[in-house]
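The values are calculated or read from the model by the stated rules, or taken from the named source; none is laboratory data. All figures in this text were calculated on a predicted structure; none of them were measured in a lab. Glycine gets a Cβ as well: all are built from the backbone with ideal geometry, and neighbour counts include every protein chain shown. These area figures cover heavy atoms from the full protein model, side chains too; ligands, DNA and RNA do not enter into them. Shrake-Rupley method; radii C 1.70, N 1.55, O 1.52, S 1.80 Å.
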Amino acid sequence: MSGITEKRKEGFVLLPYKLMKAFNGRVLSPIGALIAGTIWSFSREGKRCNYGYNTFEKKLNVSKSTVARQIKEVKARSDMHVERHGGKCSEYTSSFALGDGAYIDFPLFLTKTFEFEGQTVKLTPSEQLVLALVYTETKAQSGHGKLVGGPSKISGMLQGAVQARTVQAILSKLDELRLIFRRRRSINAHRLGEYVANMKAFRKIEKACKKAEKRAEKQIPLSKEVIDVNAKNDWKRYYELKRDNAQRAALSYENEIRSRFPEYFQKDKEYKMAELAEVKAVMYEPEKAFEFEEKKKRIEIERNALIVRFGIVPERLEAEYYCSCKRCSDTGHLPNGEQCDCYSEGGGL
């Protein structure tokens with residue numbers, strides 16, 4: 001982890017690793033961590049962060065409702081002590097102590113939609129966070145640093161704000177977009193790598209975003225076609241955020257159960273192995289299928305007994321349990337490809 005200099009550069013937010021650690025079993029989402037880091041960056045040493053919801057919306061490219069919800073999550077952390085001052089004016093202070101001096105240097109232009117190598121790129125909050133981590137590690141050692149490790153290690157560095165399987169997909173996507181480079185490929189390349197940020201691309205994107213901001217200041221009206229495309233992209237991102245939140249909630253419950261009742265997961269593993277053995281027997285040794293079926297039933301009874309004993313809710317281990325729309329599982333589309341009712345009701349195109 002990189003050490004920090006106390007100076008905060010314009011257009012960047014300092015996001016402490018320590019701030020992303022789980023507190024009372026709750027992990028901040030990537031957006032929540034970014035909002036918390038923004039408040040901390042501007043309110044250190046007795047100062048105040050005077051960002052209102054409108055400013056957060058503009059700087060981080062998120063909706064006001066998301067800002068309000070995430071600030072509520074941040075304020076719930078007793079290690080943060082965020083307070084709002086003033087009447088209509090939003091001013092926040094924070095007593096959070098950095099301690100170990102390690103942080104992610106988060107470029108705010110990553111939250112924008114930008115053009116790169118002929119593509120229009122809009123990163124999700126999880127993708128932004130992983131890319132900012134690679135960027136921070138690359139800047140270390142006078143610009144010759146690198147991020148070393150596989151998805152599990154990187155997820156650990158991010159304190160679980162992004163799950164390992166999601167990290168793996170994100171690294172592949174960023175590599176394809178040429179926003180990062182994978183320097184070394186081993187036999188298990190999907191699990192181990194050395195990643196460096198494409199610093200030339202970062203400079204080009206930052207410059208383009210600044211030009212776009214200047215053009216926006218002139219208040220040039222957008223065409224209806226552009227507005228419709230932006231709305232559709234925002235709606236897709238809305239569903240991505242909902243799925244991300246559902247996966248984090250399921251993982252949080254799984255971690256809680258693993259720490260309190262590890263014997264349940266051992267029995268669940270035995271059940272799944274027995275289930276697989278039964279399928280293989282049906283295919284290759286039909287005469288033994290009954291024997292494997294009985295073994296599976298016996299293990300299932302033992303597993304169900306543990307569920308009752310410990311008060312476990314198996315459905316909560318799946319992301320679908322936390323989805324607000326059970327028909328489409330917060331994807332916006334039904335299995336047959338048609339748009340779900342929740343999509344049109346929410347204003348999607």
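Here are some notes:
- The residues of the range 43-62 that are touching a residue at least 40 places away in the same chain (Cβ under 8 Å) and either open to solvent by 50 Å² or more (accessible area, probe 1.4 Å) or closer than 16 Å to TYR92 by Cα (or both), listed by number, are SER43, ARG44, GLY46, LYS47, ARG48, CYS49, ASN50, TYR51, LYS59, ASN61.
- For the range 109-134, a residue qualifies if it is hydrophobic (A, V, I, L, M, F, W, C) and out of contact with any strand residue (DSSP E or B) (no Cβ under 6 Å at 6 or more places or on another chain), and the qualifying residues are PHE109, LEU110, PHE116, LEU123, LEU129, VAL130, LEU131.
- Only one of the numbered conditions (1) among the small types (Gly, Ala, Ser); (2) open to solvent by less than 30 Å² (accessible area, probe 1.4 Å); (3) outside any helix (DSSP H, G or I) is violated by ALA281, and that is (3).
- Considered as a group, the residues in the range 14-42 that are more than 15 Å from the chain's Cα centre (by Cα) and assigned to a strand (DSSP E or B) include one that is surrounded by the fewest Cβ atoms within 10 Å (Cβ to Cβ), and that residue is PHE23.
- Hey, GLU217 within 25 Å of GLN119 (Cα to Cα), open to solvent by 40 Å² or more (accessible area, probe 1.4 Å), modelled with pLDDT under 85 and among the acidic types (Asp, Glu) or not: yes
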